[in-house]
Amino acid sequence: METNKAQILVVDDEPQIRKLLQINLESNDYKVIQASNAKEGLALSASHLPDAVLLDIGLPDKSGHELLKELKTWYNKPVIILSVIDNEEDIVKALDNGATDYLTKPFRTGELLARLRSAIRRSQNIEPNEVVVSSNGLEIDLVARTVKKQGDIIKLTSTEYNLLTLFAKNEGKVLTHQYILKEIWGYGYQTETQYLRVFVGTLRKKIEDHPNHPEHIITESGVGYRFQ
């Protein structure tokens, strides 16, 4: 399937936002279906199985967070949050509940389209048996547990390797501090964000050409990190 032929479900209670998104998405050859509340959104997602959902948090009948949790019990395609709420707590909550990405209103159309393309492309090209992850000169062999940069092997500690593979397996997706800490160090470390920053810093020094201007491990301020 071509990414720009994908069907997008827009769940938003504001008619003008739905109209704006419909115009922009259809002008880029997406098919668009719309819902004005959580009940409609859940029904349409089940009946149409869209390739991605654009979801507002402030819905009239149920919180977008609640709808997201319901969707993620069975729906495995991208869900991108579009919301006027830009506080860290809501962003982290949405991402931890399974959102693929989070954009605050007003958003730039070009950025939304780029993130949507990326999210759909990743969901359509999942390789469950993939053993080598490559990204801009960086090569991670998940079987041999080796990492190469421009063909040269990089020596990583066990923790650094586990952290890098977690990022690589979730390429393009924002991972929250809490999620990363839980996955790598366990539940008891979920508040140790400074601990995580130290390890990300040492990992960047080993894999990035310019650690202060990283190309692979990108900081999502106040939320977490994105691997690209």
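Do you know the relative contact order of the chain, to the nearest whole percent, from alpha carbon pairs under 8 angstrom that are 6+ apart? Present the calculation step by step, with values, prior to reporting the outcome.
Values: 341 pairs, mean separation 30.1, N = 228.
RCO, the chain: 13 percent.
Backbone geometry of the stretch 167-180 corresponds, through the Karplus equation with coefficients 6.51, -1.76 and 1.60 at θ = phi - 60°, to 3J(HN,Hα) couplings of 4, 5, 6, 10, 3, x, 9, 6, 9, 6, 3, 4, 5, 4 Hz, x marking Gly and Pro.
Here the chain is treated with +1 on each Lys and Arg Cβ and -1 on each Asp and Glu Cβ, and its dipole about the Cα centre works out to around 400 debye. How far is helix 38-48 tilted off the main Cα axis of the chain, in degrees rounded to 10, range 0 to 90? So the inclination is approximately 80 degrees.
For the chain, excluding the exposed loop sites themselves (trypsin sites (Lys or Arg not before Pro), DSSP loop, at most 15 other Cβ atoms within 10 Å), the longest remaining stretch covers 156-228.
In this simple spin-label model, placing a label point 7 Å from the Cα along the Cα-to-Cβ direction at both GLN22 and ALA43 gives a separation of 1.7 nm. Annotation: per residue accessible area for the chain equals 52 Å², rounded to a whole number [probe 1.4 Å, protein chains only].
Taking GluC sites (Glu not before Pro) across the stretch 1-108, the ones in a DSSP loop with at most 12 further Cβ atoms lying within 10 angstrom of their Cβ are GLU2. Derived scalar couplings between HN and Hα for the stretch 51-68 equal 6, 6, 10, 9, 10, 8, 7, x, 9, x, 9, 7, 4, x, 4, 5, 4, 4 Hz in order, rounded to whole Hz, by the Karplus curve 6.51 cos²θ - 1.76 cosθ + 1.60 (θ = phi - 60°), x for Gly and Pro.
Quick one: if the Förster radius is 22 Å, what FRET efficiency do ARG197 and ALA144 give, using the C-beta to C-beta distance and rounding to 0.05? Numbers along the way, then the final one.
On the way: r = 29 Å, r/R0 = 1.31.
In this case the efficiency is close to 0.15.
Share of the chain's accessible area from carbon and sulfur, percent, 1.4 Å? Don't jump to the answer; show the numbers that get you there.
Details: 5600 of 11810 Å².
Carbon and sulfur: 47 percent of the exposed surface of the chain.
For the stretch 219-228, 3J(HN,Hα) computed residue by residue from phi via the Karplus equation (6.51, -1.76, 1.60; θ = phi - 60°) reads 7, 9, 3, x, 10, x, 9, 10, 9, 9 Hz, glycine and proline entered as x.
The values are calculated or read from the model by the stated rules, or taken from the named source; none is laboratory data. These figures come from a predicted structure and were not determined experimentally. Using ideal geometry, Cβ is built from the backbone for each residue, glycine included, and neighbour counts are taken over all protein chains shown. Keep in mind that these areas ignore ligands, DNA and RNA; they rest on the heavy atoms of the full protein, side chains included. Shrake-Rupley method; radii C 1.70, N 1.55, O 1.52, S 1.80 Å.
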